[in-house]
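A short worksheet on the structure shown next.
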Amino acid sequence: NAGSSGGGDRTSEAVYTEFGLPAFRNLEFQLAGRYDHYSDFGDTFNPKIAAIYHATKSLLFRASFGTGFKAPLLQDMHAATSDGYQTFIDHYACKQTGTNNDCSPQQYHVTSSGNPGLKQETSDSVNAGAMVQITRDLSFGADWFLTKTKNVVGIDYDDLTLAEANGTDPSQYGVRTNRDASGHLDDSNPIVAPLQNLSAQEVSGLDLSLGYSLGRFHVESNHSLLFFYREEGFPGAGLRDKLGQKFGDTTSYPKWRNTSSLGYSIRDRQTVSLIATTIAGTQKA
């Protein structure tokens, strides 16, 4: 990639408040909210509501809903223009010709740059789960989650050309693709793409935890299983589940990961642990 430079600054201010509201002896609600002001993209307010219900002394249910945000990075807003070569499938040309060369990953010249008009990424999240204390030394927990994120900063060029093949005009989103009469990308300057808030994601899964204590020993295992990781890298491409598979040169995501630990308490406030982490395999070109 060609080098580039850029500079920018911002100031930010935030205020946060949280209320715990006991409704009954075994039911508690939580209300929270956060207001942020950024000098370069504006204001954002994100609320949260949660509940905890103690069904019995050994069984607890919990749930929450909230919104979130992520401020655009300064380098994404203020980076100067740079040139590089991205590897992806040109789905538009593939649809036009159907040849193996056009339907396989190739390197294409892309001119990219920052965008001072970027907005924050926003998300909606819901969680629900339970924790059970099976015995004094054995506990088990399960939590389901779903997070939907919009206005994600970035452009997936594979999805860009897929959206073109589906009839989307990229220029309405501030991205220009230059093609010749045959539908192929122009070799001299095919894609001009300043960063935009164009991507979207949907992630859902289940977190499981198991803990057991025996004297000074403690065994714990935390397992996270994803049901889906849907992503749309450009409007018009459609959400595609990218777990355990790949599209063009797009890297897939692991379906699960697990962290297990064995700890030994030497004395109060002194513990030695052995930790093992395993992650499902993925595909990457």
Residue in region 205-224 that is within 22 Å of H78 (Cα to Cα), at pLDDT 90 or above and of a type in the set (S, T, N, Q) present:
no
Which of the residues that make up region 84-101 are surrounded by fewer than 20 Cβ atoms within 10 Å (Cβ to Cβ) and over 26 Å from the mean Cα position of the chain (by Cα)?
K95, Q96, T97, G98, T99, N100, N101
Filter pass, P47 being surrounded by 15 or more Cβ atoms within 10 Å (Cβ to Cβ) and either modelled with pLDDT under 95 or under 30 Å from F19 (Cβ atoms) (or both):
no
Do you know which residues across region 172-188 are in contact (Cβ under 8 Å) with a residue 12 or more places away in the chain and not in a strand (DSSP E or B)?
Y173, G174, V175, N178, S182, G183, H184, D187, S188
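Any chance you could count how many residues in region 123-138 are touching a residue at least 60 places away in the same chain (Cβ under 8 Å), over 30 Å from L214 (Cα atoms) and open to solvent by 40 Å² or more (accessible area, probe 1.4 Å)?
Final tally of qualifying residues: 2.
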Where residues in region 139-162 are over 27 Å from R10 (Cα atoms), at pLDDT 95 or above and open to solvent by less than 60 Å² (accessible area, probe 1.4 Å), which of them is farthest from the chain's Cα centre (by Cα)?
S139
Extreme residue, farthest from T67 (Cα to Cα), among residues of region 29-38 that are within 23 Å of the chain's Cα centre (by Cα) and open to solvent by 70 Å² or more (accessible area, probe 1.4 Å)
Y35
The one condition G183 fails out of (1) small (G, A, S); (2) under 24 Å from N258 (Cβ atoms); (3) out of contact with any Gly (no Cβ under 6 Å at 6 or more places or on another chain) is (2)
Assess whether F234 counts as being under 29 Å from G154 (Cα atoms), surrounded by 12 or more Cβ atoms within 10 Å (Cβ to Cβ), of a type in the set (F, W, Y) and at pLDDT below 90.
no
Consider A181 carefully, then state whether it is open to solvent by 40 Å² or more (accessible area, probe 1.4 Å) and of a type in the set (A, V, I, L, M, F, W, C).
yes
Filter result (open to solvent by 80 Å² or more (accessible area, probe 1.4 Å) and touching a residue at least 60 places away in the same chain (Cβ under 8 Å)) within region 58-72:
F61, R62, F65
Failed item in (1) of a type in the set (S, T, N, Q); (2) open to solvent by 40 Å² or more (accessible area, probe 1.4 Å); (3) assigned to a loop (DSSP other than H, G, I, E, B), with T168 passing the rest:
(2)
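What are the residues in region 7-28 that are of a type in the set (A, V, I, L, M, F, W, C) and open to solvent by less than 80 Å² (accessible area, probe 1.4 Å), if any?
Result: A14, L21, A23, L27.
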Can you tell which of K242, K246 is open to solvent by 40 Å² or more (accessible area, probe 1.4 Å) and at pLDDT below 95?
K246
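The values are calculated or read from the model by the stated rules, or taken from the named source; none is laboratory data. Nothing here was measured: the structure is a model prediction, and the numbers come from that model. Neighbour counts are summed over all protein chains in view; Cβ atoms, including those assigned to glycine, are modelled from backbone coordinates with ideal geometry. Heavy atoms of the whole protein, side chains included, go into the accessibility calculation; ligands, DNA and RNA do not. Shrake-Rupley method; radii C 1.70, N 1.55, O 1.52, S 1.80 Å.
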